[in-house]
1. Would you mind listing the strands (runs of 3 or more DSSP E) fully within the stretch 256-344 where at least 3 residues are open to solvent by less than 70 Å² (accessible area, probe 1.4 Å) and either within 26 Å of D8 (Cβ to Cβ) or in contact with a strand residue (DSSP E or B) (Cβ under 9 Å, 6 or more places away or on another chain) (or both)?
2. Considering only the stretch 353-365, I want to know if a residue exists there that is modelled with pLDDT of 95 or more, assigned to a loop (DSSP other than H, G, I, E, B) and surrounded by fewer than 19 Cβ atoms within 10 Å (Cβ to Cβ).
3. Looking at the stretch 41-57, is at least one residue aliphatic (A, V, I, L, M), in contact with a Lys or Arg (Cβ under 8 Å, 6 or more places away or on another chain) and at pLDDT 95 or above?
4. Can you tell me which residue within the stretch 200-218, out of those that are surrounded by fewer than 18 Cβ atoms within 10 Å (Cβ to Cβ) and more than 23 Å from R4 (Cα to Cα), is nearest to the chain's Cα centre (by Cα)?
5. Suppose we filter the stretch 70-95 for residues that are surrounded by 15 or more Cβ atoms within 10 Å (Cβ to Cβ) and either in a loop (DSSP other than H, G, I, E, B) or in contact (Cβ under 8 Å) with a residue 40 or more places away in the chain (or both); how many remain?
6. Restricting to the stretch 142-159, give me the number of residues that are free of Cβ contacts under 8 Å to residues at least 40 places away in the same chain, over 26 Å from W268 (Cα atoms) and of a type in the set (A, V, I, L, M).
7. Which of the residues spanning the stretch 419-473 are of a type in the set (D, E, K, R) and open to solvent by 20 Å² or more (accessible area, probe 1.4 Å)?
8. Pairs, please: C-beta under 8 Å, at least 6 apart or cross-chain, first residue at positive phi and in the stretch 461-473, second outside any loop (DSSP other than H, G, I, E, B)?
Amino acid sequence: MKARTLYDKIWQAHLLKQRDDGMALIYIDRHLIHEVTSPQAFEGLRMAGRKPWRTDANFATPDHNIPTTSEERSQGLAGIKDPVSKLQVKTLDENCKEFSIFELEMNDERQGVVHVVGPEQGATLPGMTIVCGDSHTSTHGALGALAHGIGTSEVEHVLATQCLMQKKMKNMLVQVNGQLSTGVTAKDVVLAIIGQIGTAGGTGYTIEFGGQAIQEMSVEGRMTVCNMAIEAGARAGLVAVDDTTLEYIEGRPFAPTGALWEQAAANWRGLVSDEAAEFDRVIELQAEDIAPQVTWGTSPEMVAPVDGLIPDPIQEQDATRRGNIQQALDYMGLEGGTPIQDIKLDCIFIGSCTNSRIEDLRGAARVVEGKQLAENIELALVVPGSGLIKKQAEVEGLDQIFVSAGLQWREPGCSMCLAMNADQLGPGKHCASTSNRNFEGRQGFRGRTHLVSPAMAAAAAIHGHFVDVRDLV
């Protein structure tokens, strides 16, 4: 048999029909659902008189629109002030009950961001095909699953048929060789990758992340990397299965047990690219060359090391790129040639499906422990990715570390990642954010977002501007 990549193996195992025009029908193992992209899909089923093909393959939780203050959450649906947000959450609850779909409702202690609770509950398993009406579904590829976002009409199609039409992607390998320096995290790795290949560098590809630096990451770190594969233009991101993967999954609620676990684990160990497998494109980075990263513009590819400078558009030869840099600087209220560490901040956001897991919170807490929020920081939010993560953090006393330092400890949800709830960044405000997108208005109208790691966001919270976290740890 011809040597195959990990992507090829999962694709071929789920391929139902291949057409001559390149379109294919593949089977979907797991469908994740939240409140924003599902209402129209369920209504489409209802109007057509259809029912979900496999109710047990679906897993739902609200996350985008829900409030994160304890006072509002304690009121249930009544605590959601925005009428559209309230309607979407209420509709998800009603649809899941009507169609017998498993849901972690808003005040279930297991509820959280869908791309956090899926792996946490063991609903994400190696070798699966996983889809969700959300672009950052690529997160689940960290567990050796083929996972990607779909549109609203596709949500209905998967509900009705448990299948999906799509074209096979090409294979890309991003190899991160060597060991990361202390203070450099998975977030810095993926931002450095995007800075090198650009936001269109992965277009048409599924990216497999490999190399020593990736292999030495926890599953949580790998999820951060795969989460932002979509920001590099790729449809999905993947990490091969190893002992780290299996140790993370074993014992989780939806994971197999007993003899089934042994059988599954033995099978999952084959979910690696064959040694002789050929990739259409290979990118290599040296881990020791990666510094903590900070985005300065309005795209994830507009990124620089913390000890670097904001690019000066005057020095850019390409007219189109020069114009893009200037437009981004105008929006961000920054000047080319300014040191990254001179960027003053107003807000801090630690959370999102990229960086809200217990590992992220521990890293941020280590930086702020015994210190105080800078006077110029108007708002600093720490939002755990799930109720179980929140509970674990509180057992470890992380919440008290944050609160003592002047940061707010919130309930789980998407929060200030995308401004679809009450947590929004004000016009003209600069935010050090651990989320995944820094587009214009992403965190709020005219808000200015700088993407960083949790440790870097925590350091910025204490100093009021960006500092090199390597000097602190």
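The values are calculated or read from the model by the stated rules, or taken from the named source; none is laboratory data. None of the values given here were measured: they were computed from a predicted structure. Virtual Cβ from ideal backbone geometry, glycine too; neighbours counted across all protein chains shown. The accessibility values were calculated without ligands, DNA or RNA, using every heavy atom of the protein model including side chains. Shrake-Rupley method; radii C 1.70, N 1.55, O 1.52, S 1.80 Å.
1. Working: elements: 281-286, 293-295, 303-305.
Result: 293-295, 303-305.
2. Within the stretch 353-365, the subset modelled with pLDDT of 95 or more is 353-365.
Then drop every residue that is not assigned to a loop (DSSP other than H, G, I, E, B), which leaves 353-357.
Remaining after also requiring surrounded by fewer than 19 Cβ atoms within 10 Å (Cβ to Cβ): none.
Checked against the condition, which is being modelled with pLDDT of 95 or more, assigned to a loop (DSSP other than H, G, I, E, B) and surrounded by fewer than 19 Cβ atoms within 10 Å (Cβ to Cβ), the stretch 353-365 yields no hits at all.
3. Of all residues in the stretch 41-57, those aliphatic (A, V, I, L, M) come to 41, 45, 47-48, 57.
Still in the list and also in contact with a Lys or Arg (Cβ under 8 Å, 6 or more places away or on another chain): 45, 57.
Still in the running and at pLDDT 95 or above: 45, 57.
Yes.
4. Taking the stretch 200-218 as the starting set, the residues that turn out to be surrounded by fewer than 18 Cβ atoms within 10 Å (Cβ to Cβ) are 200, 203-204, 212, 215-216, 218.
Checking the rest, the ones that are also more than 23 Å from R4 (Cα to Cα) come to 200, 216, 218.
On the way: A200: 18, E216: 19, S218: 15 Å.
Across the stretch 200-218, the extreme among qualifying residues is S218.
5. Residues flagged as surrounded by 15 or more Cβ atoms within 10 Å (Cβ to Cβ) and either in a loop (DSSP other than H, G, I, E, B) or in contact (Cβ under 8 Å) with a residue 40 or more places away in the chain (or both) within the stretch 70-95 amount to 9.
6. In the first step, residues of the stretch 142-159 are kept if they are free of Cβ contacts under 8 Å to residues at least 40 places away in the same chain; the result is 150, 154, 157.
Remaining after also requiring over 26 Å from W268 (Cα atoms): 154, 157.
Now narrow it down to the ones that are of a type in the set (A, V, I, L, M): none.
Going through the stretch 142-159 one residue at a time, the tally reaches 0.
7. So the first thing to find is which residues in the stretch 419-473 are of a type in the set (D, E, K, R), and the list is 423, 429, 437, 440, 442, 446, 448, 468, 470-471.
Correct list: K429, R437, E440, R442, R446, R448, R470, D471.
8. Filtered contacts from the stretch 461-473: G464/K344.
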